[in-house]
1. What's the total number of residues in region 132-143 that are crowded, with 20+ Cβ neighbours inside 10 Å and either over 29 Å from D47 (Cβ atoms) or near the ligand (Cβ under 10 Å from one of its atoms) (or both)?
2. Output the residue which, of all residues in region 146-156 that are modelled with pLDDT of 95 or more and more than 11 Å from P196 (Cα to Cα), is surrounded by the fewest Cβ atoms within 10 Å (Cβ to Cβ).
3. For region 9-32, give me each residue that is among the aliphatic types (A, V, I, L, M) and within 19 Å of W62 (Cβ to Cβ).
4. Since R69 meets every condition but one in (1) within 16 Å of the ligand (Cβ to nearest atom); (2) touching a strand residue (DSSP E or B) at 6+ places or on another chain (Cβ under 8 Å), which condition does it not meet?
5. Would you check which residues across region 62-76 are of a type outside the set (D, E) and touching a residue at least 60 places away in the same chain (Cβ under 8 Å) and list them?
6. Could you list, in sequence order, all residues of region 84-100 that are surrounded by fewer than 24 Cβ atoms within 10 Å (Cβ to Cβ) and of a type outside the set (D, E)?
7. Report yes if V121 is among the aliphatic types (A, V, I, L, M), more than 28 Å from H184 (Cα to Cα) and more than 14 Å from the ligand (Cβ to nearest atom), otherwise no.
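The values are calculated or read from the model by the stated rules, or taken from the named source; none is laboratory data. This structure is a prediction, so every number in the text was calculated from the model and none was measured. In this analysis, Cβ positions are derived from the backbone assuming ideal geometry, glycine residues included, and neighbour counts consider all displayed protein chains.
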Amino acid sequence: MGERIKLKSLGAVGARVEDINLSQVTPDQLNALKQAFADHEVLFFEDQDLPPEAHLAFAERWGEINVNRFFATVPGHPAIAQVVKEPEQQGNIGGYWHTDHSYDQIPALGSMLLARQTPPVGGDTLFASCTRAFSTLSEGLQQMLMSLRAVHSARHVFGAQAEYSEAMKGRLGNSDQANVDAVHPVVIRHPLSGKPALYVNPGFTLRFEGWTDKESAPLLDYLYQHIGRAEHSIRYQWREGSLAFWDNRATWHWAVNDYQGSRREMHRVTIEGEELHPA
Ligand code: SIN
């Protein structure tokens, strides 16, 4: 693999792939990228001159495209979600720890986020590894968590009554489709690496199945602060033309909202996933 792609690990999670043109990935390079994606959970590619068609074409080599039902899309490209914050807007999309699509019974594999316009300062994204976080829990807690499932929902985020949905007016839609909850194991066996991964997140997880919200909150809060620890996460600084490809089943992310008055525009292509199984 060493000769086919050049990788630089970024620490707790993620690796930068160097000297590669995503418009011209060879089959050998793609195989090496697939292994690297399973190993590192987020891949970063920089200085990519990718028109929307090439962004989509690269994504299609990993699976079917999932068109997110809540996001506005790039004009002329209905399969590309537009993640934009205008200078006059206060709130941003994804400004909290979450993993995309855990509210779906078949959650998307991951997304390829391409930076089209970055603010002069700030607008970084944090990523955390949920496999690493699981591995640093005690054996006792690991065993207990493996017996649990959790309920996830989009209602409180993308539903018509949700504060977030109201604040993001114009950039989100289809609130009527935020109407079905999903149940997943709390510890999944990662479909690519086989590693156990914690699969709960503050964005979309409501409670443990069979527990009340109040009973679930203390343990969920403990897991949230544990996963988000500095030892399990990295901070990625974008440049225009950088692309991050993350795995939703192994990672969390958080778009840092610290660039008031500047514009940031990202294009997101999401890839279909599969049903998740317990570790
Ligand atoms: C997202 O949550 O998909 C957006 C991430 C970002 O804009 O950095």
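1. Initial filter on region 132-143 (crowded, with 20+ Cβ neighbours inside 10 Å): 132-134.
So of that shortlist, the ones also either over 29 Å from D47 (Cβ atoms) or near the ligand (Cβ under 10 Å from one of its atoms) (or both) come out as 133-134.
Within region 132-143, residues that are crowded, with 20+ Cβ neighbours inside 10 Å and either over 29 Å from D47 (Cβ atoms) or near the ligand (Cβ under 10 Å from one of its atoms) (or both) number 2.
2. By that ranking, first place goes to S147.
3. Taking region 9-32 as the starting set, the residues that turn out to be among the aliphatic types (A, V, I, L, M) are 10, 12-13, 15, 17, 20, 22, 25, 30, 32.
Answer for region 9-32, where residues must be among the aliphatic types (A, V, I, L, M) and within 19 Å of W62 (Cβ to Cβ): V13, A15, V17, I20, L22, V25, L30, A32.
4. (2)
5. Quick first cut of region 62-76, residues of a type outside the set (D, E) only: 62-63, 65-76.
Result: W62, G63, I65, N66, V67, N68, R69, F70, F71, A72, V74.
6. Passing the criteria: V84, P87, Q89, Q90, G91, N92, I93, G94, G95, Y96, W97, H98.
7. Numbers: among the aliphatic types (A, V, I, L, M): yes; more than 28 Å from H184 (Cα to Cα): yes; more than 14 Å from the ligand (Cβ to nearest atom): yes.
Yes.
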